[in-house]
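Structure, as structure tokens:
The values are calculated or read from the model by the stated rules, or taken from the named source; none is laboratory data. Not measured: the values here are computed from a predicted model. Please note: Cβ atoms are built from the backbone with ideal geometry, for glycine as well, and neighbour counts cover all protein chains shown. Accessible surface is based on the protein model in full, side chains and every heavy atom, while ligands, DNA and RNA are left aside. Shrake-Rupley method; radii C 1.70, N 1.55, O 1.52, S 1.80 Å.
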Amino acid sequence: MTQPPRALHRALARHLADRNSREALRLVEAMRAGGVQPILLKGASTRALLELPERPSADVDLLVAPQERRRAERVLRARGYRRHRGVHADNWTAPDAVPVDLHRSLTRLGVAPAEAWAVLAAGLEATPLAGGSVDVLSRPAQLVHLCLHVTSDESGRATGELRRALAVCDQSDWQAVRDLAGRLGASASVEWALRQVGAAWASGPADELALPANDLSRGIGAFVRSPVHWSERRRRQTRLTEAWVRWQAGRIGRLLNGRSDLYHRLRLRLRLRLRQHTR
């Protein structure tokens, strides 16, 4: 008797989730051996928070203290990873290995990474994972992170997970979210995310503030008034500038190669004509 497709899908999702948990534990243990105490973001912690054991994860998200970042990078390089610079996190990839997002902070916070770490690390929880133990954010901090993810996620997955969180988390958790969001300078973004799922705790406009900080189409005034910390805005603009420079460099290269090919074809034609005339 064949297994139903839905059961097969759930079994595969559970397998992928378990594999992600094992890889996350290996990376955390490697970090600890290198003198780093990382915090596991999303992944297994979100599966436990939302009571979704089959929630898949394509990578491992780790948050480290600013003073431990270089050591964390050395650990990843020693394991064959290469860095791809990002805004609030750098993506690290290696052949036949799970990708890693090494976070310097959470997205759209109004405080510097060092202050964000001090606030977030004050309420860590140890949770069992794949035969070991990892540190994860407190439930209110995980909910803040989930709200912040909604402001930048276009797939709709984060919005669906926030609705799930509203159903499974206690009111006391959401009361703590309000206080924590204020300490992280993220109240406007969290409020905006909650409004997307029909839940909010304050009155007044918050739609503009939760848009990407680099969206200069709304004018420099909106950019300056954004609650996002300047360090993140600077990195975002740097990444955009780097992408623009790479695009321009490729465009110029294609243009020069095209001209080179044109000159080469003209030289060949000229040589053929010269040979014909000299015969």
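Given the -39500 (n - 2.57) contribution per DSSP H run of 4+ residues, what per-residue ellipticity at 222 nm results for the chain, rounded to the nearest 500 deg cm²/dmol?
Mean residue ellipticity, 222 nm, calculated: -18500 deg cm²/dmol.
Relative contact order of the chain: what whole-number percent is it, with Cα pairs under 8 angstrom and at least 6 residues apart?
For the chain, the relative contact order is 15 percent.
In the chain, with Lys and Arg counted as +1 and Asp and Glu as -1 at Cβ, which of these residues, Leu270, Leu50, Val150, has the Cα nearest the positive end of the dipole, that is, farthest along it?
So the residue furthest toward the plus end is Leu270.
Taking the 0 to 90 degree range and rounding to the nearest ten, how far is the long axis of helix 5-33 tilted relative to the main principal axis of the chain, both from C-alpha atoms?
Helix 5-33 sits at roughly 90 degrees to that axis.
Based on Cβ point charges of +1 for Lys and Arg and -1 for Asp and Glu, what charge dipole magnitude is obtained for the stretch 69-184 about its Cα centre, in debye rounded to the nearest 20?
With Lys and Arg at +1 and Asp and Glu at -1, about 560 debye.
Give the angle, between 0 and 90 degrees and rounded to the nearest 10, that separates the Cα long axis of helix 187-196 from the longest principal axis of the Cα atoms of the chain.
90
If you average the sequence gap of Cα pairs under 8 Å that are 6 or more apart and divide by the length of the stretch 82-211, what percent do you get for the contact order?
Relative contact order here is 19 percent.
Any idea what % of Cα-Cα pairs in the stretch 1-72 are farther than 18 Å?
47
With point charges of +1 on the Cβ of Lys and Arg and -1 on the Cβ of Asp and Glu, referenced to the Cα centre of the chain, which listed residue (Pro95, Ala249, Leu76) lies farthest in the positive direction of the dipole?
So the residue furthest toward the plus end is Ala249.
Please report the carbon-and-sulfur percent of the accessible area for the stretch 6-49; probe 1.4 Å, protein heavy atoms only, DNA, RNA and ligands left out.
For the stretch 6-49, the apolar C and S fraction of the accessible surface comes to 51 percent.
Could you tell me how far the Cα centroid of the stretch 162-191 sits from the Cα centroid of the stretch 51-79, in Å?
Value for the Cα centre distance between the two parts: 24 Å.
Suppose all protein chains stay in the model; what accessible area per residue would a 1.4 Å probe give for the stretch 1-134, in Å²?
On a per-residue basis, the stretch 1-134 sits at 50 Å².
Using +1 on the beta carbon of Lys and Arg, -1 on that of Asp and Glu, and nothing else charged, what's the dipole of the stretch 7-159 about the Cα centre, debye to 20?
So the dipole magnitude of the stretch 7-159 works out to roughly 360 debye.
Run the accessible area of the stretch 84-194 with a 1.4 Å probe and give the carbon-and-sulfur part as a rounded percent.
Whole-percent figure for carbon plus sulfur exposure: 48.
If you place +1 on the Cβ of every Lys and Arg and -1 on the Cβ of every Asp and Glu, how big does the dipole about the Cα centre of the chain come out, in debye to the nearest 20?
It comes to approximately 2540 debye.
Tell me which of Leu166, Ser133, Leu106 sits at the most positive position along the dipole axis of the stretch 95-167, charges placed on C-beta atoms (Lys, Arg +1; Asp, Glu -1).
Leu166
Only residues of the stretch 126-170 count here: report those whose backbone N is under 17 Å from the spot 7 Å along Cα→Cβ of Leu240, or say none.
Those under the cut-off are 152-153.
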